[in-house]
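Asker: Take this structure, written in C-alpha cells, and hold onto it; I'll ask about it next.
The values are calculated or read from the model by the stated rules, or taken from the named source; none is laboratory data. What you are looking at is a predicted structure, and each value in this text was computed from that prediction instead of being measured. All Cβ positions, even for glycine, are placed from backbone atoms using ideal geometry, and neighbour counts span all protein chains on display.
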C-alpha cells in the first residue's frame, strides 16, 4: 500500500463534505472503483498515525477510545500501527464491532497482539495522547448513556486529543454538539474538510485540522462534494 498523504488545513480545498457525500464516496469507492473497506480503513489509520507521531513520541502512552462502527475500526487499526512503532497502547471501547465487519477485523488484529483493552465503564487511565475514534460522520442523534460519559471523560483528561475524521459528538453537517462533543487539539479528517468545520460552534472542538488523502478518484469527490468559492 502506498504512503497516505496528509496535508494541513486550511490549505485551500474547493469543496466540503456533508454526511451524505462522505457516505456516497465511501460506498462508490468500494462498489465502482475496486477499493475494499479494509483498504480504506487502513489508509485512514496510516494517515492519522502520521499526525499522532507529531503529537507523541515512541515510548509514550497512547490511549485509543473506540466505538463499535467504522470510526472505531480506524482506532483499532491505529492501535496496532502505533504498537508496532513503539508506543505503549491502551484501548477503551464502547460496544463490540458487528461480527464480520471491517471494524471487527481490525479489532481481532489488535487483540492478537494482546494489547491492553477494557470496555469503558468510568474514568480513563493515564496517557500522553488520546485518540478519539468513538463516532464518525454517521452520528446523527443526541448522545446518551455510556457514550456521553466517555466523551465527558475524554474532555476531563489532561492529555491532548487527536480526533479521527471529526470529534466524536459533533454533527458533521451543522458543526453543533449532539449533547456533547470531544474537544480535540487536532483532527485528522479523511478526503476533505467536513461541512460543519466552518461553524463557529465547532471551533473549540476541531483544533488543527489535517486532511488524509485516501487516494480515491478525484471524479468521485467532484461528483458528491459540495463546491465552495
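Asker: Name the residues in segment 83-119 that are touching a residue at least 40 places away in the same chain (Cβ under 8 Å) and either at positive phi or in a helix (DSSP H, G or I) (or both), would you?
Answerer: 102, 103, 105, 106, 107
Asker: In segment 180-193, how many residues are buried (at least 22 other Cβ atoms within 10 Å of the Cβ) and more than 21 Å from residue 42 (Cβ to Cβ)?
Answerer: Number of matching residues: 4.
Asker: Assess whether residue 141 counts as being assigned to a strand (DSSP E or B) and surrounded by fewer than 18 Cβ atoms within 10 Å (Cβ to Cβ). Full working, then the answer.
Answerer: On the way: assigned to a strand (DSSP E or B): no; surrounded by fewer than 18 Cβ atoms within 10 Å (Cβ to Cβ): yes.
Against the criterion (assigned to a strand (DSSP E or B) and surrounded by fewer than 18 Cβ atoms within 10 Å (Cβ to Cβ)), residue 141 does not qualify.
Asker: Might you let me know whether segment 168-185 holds any residue that is in contact with a helix residue (DSSP H, G or I) (Cβ under 8 Å, 6 or more places away or on another chain), in contact (Cβ under 8 Å) with a residue 60 or more places away in the chain, closer than 29 Å to residue 32 by Cβ and not in a helix (DSSP H, G or I)? Reasoning before the result, please.
Answerer: Taking segment 168-185 first, the residues in contact with a helix residue (DSSP H, G or I) (Cβ under 8 Å, 6 or more places away or on another chain) are 168-177, 179-184.
Among the residues that remain, those that are also in contact (Cβ under 8 Å) with a residue 60 or more places away in the chain are: 168, 172-173.
From the residues that got through so far, the ones that are closer than 29 Å to residue 32 by Cβ too are 172-173.
So of that shortlist, the ones also not in a helix (DSSP H, G or I) come out as 172-173.
Yes: segment 168-185 contains one or more residues that are in contact with a helix residue (DSSP H, G or I) (Cβ under 8 Å, 6 or more places away or on another chain), in contact (Cβ under 8 Å) with a residue 60 or more places away in the chain, closer than 29 Å to residue 32 by Cβ and not in a helix (DSSP H, G or I).
Asker: Between a first residue in segment 13-30 that is closer than 17 Å to residue 167 by Cα and a second residue that is in a strand (DSSP E or B), which pairs have beta carbons less than 7 Å apart while being 6 or more apart in sequence or on different chains?
Answerer: Cβ pairs passing all conditions: 16/194; 16/226; 17/194; 18/226.
Here's the yes/no breakdown for (1) in contact (Cβ under 8 Å) with a residue 60 or more places away in the chain; (2) in contact with a helix residue (DSSP H, G or I) (Cβ under 8 Å, 6 or more places away or on another chain); (3) in a loop (DSSP other than H, G, I, E, B):
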| position | (1), (2), (3) |
| --- | --- |
| 188 | yes, yes, no |
| 192 | yes, yes, yes |
| 197 | yes, yes, no |
| 202 | no, yes, no |
| 205 | no, no, no |
| 211 | yes, no, no |
| 216 | yes, yes, yes |
| 219 | no, no, no |
| 222 | yes, no, no |
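Asker: If you take the residues in segment 120-140 that are more than 21 Å from residue 189 (Cβ to Cβ) and free of Cβ contacts under 8 Å to residues at least 60 places away in the same chain, which one is nearest to the chain's Cα centre (by Cα)? Spell out the reasoning first.
Answerer: If we filter segment 120-140 for residues that are more than 21 Å from residue 189 (Cβ to Cβ), which is where we start, we get 120-128.
Going one step further and asking which of them are free of Cβ contacts under 8 Å to residues at least 60 places away in the same chain, we end up with 120-123.
Details: 120: 18, 121: 21, 122: 22, 123: 21 Å.
Taking the candidates together, the pick is 120.
To keep it simple, each residue is scored yes or no on (1) farther than 21 Å from residue 183 by Cα; (2) modelled with pLDDT of 95 or more; (3) touching a helix residue (DSSP H, G or I) at 6+ places or on another chain (Cβ under 8 Å).
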{"residue": "65", "(1), (2), (3)": "no, yes, yes"}
{"residue": "74", "(1), (2), (3)": "no, yes, yes"}
{"residue": "90", "(1), (2), (3)": "no, yes, no"}
{"residue": "106", "(1), (2), (3)": "yes, yes, yes"}
{"residue": "126", "(1), (2), (3)": "no, yes, no"}
{"residue": "133", "(1), (2), (3)": "no, yes, yes"}
{"residue": "137", "(1), (2), (3)": "no, no, yes"}
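Asker: Anything in segment 215-229 that is surrounded by 19 or more Cβ atoms within 10 Å (Cβ to Cβ) and either in contact with a strand residue (DSSP E or B) (Cβ under 6 Å, 6 or more places away or on another chain) or modelled with pLDDT under 90 (or both)? List them, or say none.
Answerer: Within segment 215-229, just 225 meets the criteria.
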